[in-house]
Amino acid sequence: MDLNEFLYHLNQGLTVTGGSEVHRHMIELSNEVMRLTTELNSIYHSPEEIRILMEKITGKPVDQSFVMFPPFYTDCGKNITIGKNVFINAGCKFQDQGGITIGDGSLIGHNAVLATLNHDMAPEKRSNLHPAPIIIGKNVWLGANVTVLPGVTIGDGAIIAAGAVVTKSVLANTIVGGVPAKFIKKIDDSEGKHA
């Protein structure tokens, strides 16, 4: 199985059966990305070196405007797409097999967890995995210690309060918080503007 076949399977939302060829390929990719994240996290790197390492991790170009403060962890890497002017703070963990897209201008706070896989509910099938993408729109702000679960889309301009667990999609230009995250308020056009 090659990378394109693997990503096609996951991006179709097809089950990954424990012990299958797809599952074995997933483990191979995990071992490869552990090497890269260990390199990223073990010593100081300049911003440009971090960007180049993220290109190796994702297998895609990463815009020069990208900024990240390591450490950073992922167990696949190859299904992450990062827009322009994205900032990822220290300690973030991306489980990206189901696909993670981060829109332009988004800010990801300390220790955010983005999880795109669920295990099967049936005990006898618990090793099976069900992928679903996380899509983060433009100019989104995820506070520290936010967890986003599989299949969630966060609309442009939304704010996710620190510590929230996002189980459902979030409308654009809204603030949500809590466990599970609930609507707090709509962001007024005048908020954040200074005289």
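The values are calculated or read from the model by the stated rules, or taken from the named source; none is laboratory data. Quick caveat: nothing in here was measured; it's all calculated off a predicted structure. Because the Cβ atoms are built from the backbone with ideal geometry, glycine has one as well, and the counts that use them run over all protein chains shown. Heavy atoms of the whole protein, side chains included, go into the accessibility calculation; ligands, DNA and RNA do not. Shrake-Rupley method; radii C 1.70, N 1.55, O 1.52, S 1.80 Å.
A few points about this structure:
- For ILE184, the residues 5 or more places off, or on other chains, whose built amide H falls under 5 Å of its own are ILE175, VAL176, GLY177.
- Sites listed here are trypsin sites (Lys or Arg not before Pro) in region 95-172 whose DSSP assignment is loop and whose Cβ has at most 15 other Cβ atoms within 10 Å: ARG126, LYS168.
- Ratio Rg/Rh [Cα only; Rh per Kirkwood] for region 54-179: 0.97
- Percent carbon-and-sulfur accessible area, region 1-102, ignoring ligands, DNA and RNA, probe 1.4 Å: 55
- With Rh defined as the Kirkwood radius, the inverse of the mean 1/r over Cα pairs, the Rg/Rh of region 32-109 is 0.90.
- Other-chain or far-sequence residues with amide H under 5 Å of MET68's (modelled H): ILE88
- Beta bridges per DSSP with both ends in the chain, % antiparallel, nearest 5: 20
- Packing order of peptides 144-150, 96-102, highest average first: 96-102, 144-150 (average count of other Cβ atoms within 10 Å over each peptide's residues).
- Projecting the Cα atoms of ALA181, TYR73, HIS130 onto the charge dipole of the chain (Cβ charges, centred on the Cα centre) puts ALA181 farthest toward the positive pole.
- What region 1-128 shows is 49 Å² of accessible area per residue, with the surface traced by a 1.4 Å probe over protein heavy atoms.
- Hz values of 3J(HN,Hα) by residue in region 49-61 - Karplus curve (6.51, -1.76, 1.60), Gly and Pro given as x: 5, 4, 4, 5, 5, 5, 5, 5, 5, 8, x, 9, x
- Close amide H pairs (under 5 Å, H built 1.01 Å from N) link SER106 with PHE87, ASN139, VAL140, residues at least 5 positions away or on another chain.
- Computed from phi, the 3J(HN,Hα) profile of region 95-110 under the Karplus parametrisation 6.51, -1.76, 1.60 (θ = phi - 60°) reads 9, 9, 3, x, x, 10, 10, 10, x, 3, x, 7, 10, 10, x, 3 Hz, with x in place of Gly and Pro.
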